[in-house]
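The values are calculated or read from the model by the stated rules, or taken from the named source; none is laboratory data. The structure presented is a predicted model; accordingly, all values stated were derived computationally and were not measured. Note: ideal-geometry Cβ built from the backbone for every residue, glycine included; neighbour counts use all protein chains shown.
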Amino acid sequence: MKPICSGRFDGLIESLSRGAAQLTSRRGFLSQCGLWLVAASSLPLLPVARRAQAGERPVAKPARKFASEFANHAQTNDPTRCNYWRYCASDGYLCACCGGGPHTCPPGTSPSPTSWIGSCINPDDGRTYLIAYRDCCGQDSCGRCACLGQEGDMPSYRPQVNNDIVWCFGASSMVYHCSSAGLVGLAE
Amino acid sequence: MRQFAAALALALAASIVSAGSPPAASGSNVPDIETRRSGLQLAPMPRTAQLYATNCQGCHGEFGSSAAEIPTLAGRVGYFTRIPEGRRYLVQVPNVALNANSDADIAAVLNWLLATYSRAQLAADFQPYTASEVAELRQARIDVVASRRRIVDALLAAGQIPSADTLALPHIVLY
């Protein structure tokens, strides 16, 4: 076989790649590629990576004393975990794990016009904020990151303070997909 | 490949539907992954606005209107204050009368609601609700549908609302 490139380095690379081409099939190469893609994209889903994203305080902080037990263990960096501070009274699957964000609906679902309002303490500034828990509706239950924050939840004889109700009534579709948690305001 | 992935990510991000963005105001920055970078500031909400938010907003919406199943308050509730039975009705509607808050708080939230969302429709001589008035009125249990129909008819007959459509409720199919 006549080398098509000149130069010692080029020649080396050429013979190496020709060798590689003979040893491996194209399909095999593609499947390897695919494997690496999947592996790389699933990495951030591992708790390790989340810990790294959360960054600022991965290790235990001195116990703070808030009136709320939830707030004592809450964090403000990772909306895909149940202890994200805004979820103190959330019930259901986290939209942040279902293709949306903490206050955004995943594609293909729409926010219900009605919501359930709770108040949560932000562990970093110790202040209380009002949070609107809004269901995203229109596709089957997402099923990921089920969280039950029961703070301020009341028995169902007072419907406006019970968070087990599917608040999808009023949305274009009654089907519950996941729950979002938007900031309403600062309570004082 | 990378370009394709970037385009896909962009398309995904663009198709995410916002479920309501927080109101901006001056105050201190909210320490949160979403707002730390954007620098969102929130000023403390006045107490009555908070009462509305925690007791009523879930159903009636941030700006006094939401789902078809729930009567719109914005631009409408004020009309009820134009006749005595209508004024009583606003306290006796079940979600107001049976609310767990004090009489004073209910009076405050009603006055706030009327002034904020429906000032233009108030009776010319409107007097704010008082705690003792609420205390007395909320004892009664009314038939909401019948009372409301009677009040709307009376308002129309007295020329207090432009037409029967003004306070009409949409036809709702419950499922």
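Residues that are outside any loop (DSSP other than H, G, I, E, B), surrounded by fewer than 21 Cβ atoms within 10 Å (Cβ to Cβ) and modelled with pLDDT under 90 occur in the stretch B:34-44; there is at least one. Looking across the stretch B:56-69, the residues that are within 7 Å of chain A (Cβ to nearest Cβ) and not in a loop (DSSP other than H, G, I, E, B) come down to B:57, B:58, B:59. Scanning the stretch A:119-177 for residues that are touching a helix residue (DSSP H, G or I) at 6+ places or on another chain (Cβ under 6 Å), modelled with pLDDT of 90 or more and closer than 18 Å to residue B:52 by Cα yields A:120, A:130, A:131. In the stretch A:79-105, the qualifying residues are those that are facing chain B (nearest Cβ under 7 Å) and in a loop (DSSP other than H, G, I, E, B), and the one that is farthest from residue A:123 (Cα to Cα) is A:100.
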